């Protein structure tokens, strides 16, 4: 009987200790977060392949970044015309530690671009976001830093998309619209002094 009481007492202490540790990790914010999306992602839709990628998983704070989007026609024709805004590529940003999202602004003329079969059309990411009077001070400061210096320390997700349409004639009344979306992620850290 005494053995059962000691065993039960030990079990209660172990469970209480586990509960205390669990509640501490939740309140301190030290629970592990979801992993970032991969550094490269590809989406296929009909006769097109959209690829979004960054050359590195980790960049130095305010250093150069190499983030690209590609669109490749893989259909039966030798080439195809696509119709899009200033670019077919959008690069909205989310910095998940700060909880800040930055939309991607773009002029919207109607551009016609000819894609040759199997030849990727590629563009490098450039910042094209902004802020308004409705944004809070923390978001405005963050966006100004992005505009002036580049990416500060953080965990970033690019919610990329390729948006364009195709048509059998320049009429565009009978067109097929495409919106191919995917996410990639990368980390920015303070450089280590050597």
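The values are calculated or read from the model by the stated rules, or taken from the named source; none is laboratory data. Treat the numbers as computed from the prediction; the structure is a model and nothing was measured. For neighbour counting, all protein chains shown are included, and Cβ atoms are generated from backbone atoms with ideal geometry for every residue, glycine included.
Of the residues 93, 97, the single one that is under 15 Å from the mean Cα position of the chain (by Cα), in contact (Cβ under 8 Å) with a residue 12 or more places away in the chain and loosely packed, with under 15 Cβ neighbours inside 10 Å is 97.
Of the residues that make up region 123-145, is at least one in contact with a helix residue (DSSP H, G or I) (Cβ under 7 Å, 6 or more places away or on another chain) and more than 26 Å from residue 57 (Cα to Cα)? Yes, region 123-145 contains a residue that is in contact with a helix residue (DSSP H, G or I) (Cβ under 7 Å, 6 or more places away or on another chain) and more than 26 Å from residue 57 (Cα to Cα). Residue 122: under 18 Å from residue 158 (Cβ atoms) and either touching a residue at least 24 places away in the same chain (Cβ under 8 Å) or in a strand (DSSP E or B) (or both), yes or no? In short, yes.
Give region 150-168 a look and list any residue that's within 15 Å of the chain's Cα centre (by Cα), touching a residue at least 60 places away in the same chain (Cβ under 8 Å) and assigned to a strand (DSSP E or B), or say none. Passing the criteria: 155, 156, 157, 158, 159, 160, 161, 162. The set of residues from region 127-149 being in contact (Cβ under 8 Å) with a residue 12 or more places away in the chain, part of a loop (DSSP other than H, G, I, E, B), closer than 18 Å to residue 101 by Cβ and out of contact with any strand residue (DSSP E or B) (no Cβ under 6 Å at 6 or more places or on another chain) comprises 127, 128, 130, 131. Taking region 57-67 only, how many residues are surrounded by 14 or more Cβ atoms within 10 Å (Cβ to Cβ) and within 14 Å of the chain's Cα centre (by Cα)? Residues flagged as surrounded by 14 or more Cβ atoms within 10 Å (Cβ to Cβ) and within 14 Å of the chain's Cα centre (by Cα) within region 57-67 amount to 2. The requirement of being at pLDDT below 95 and over 14 Å from the mean Cα position of the chain (by Cα) is not satisfied by residue 119. Here residue 106 fulfils each of the conditions (1) farther than 17 Å from residue 68 by Cα; (2) surrounded by 14 or more Cβ atoms within 10 Å (Cβ to Cβ) apart from (1).
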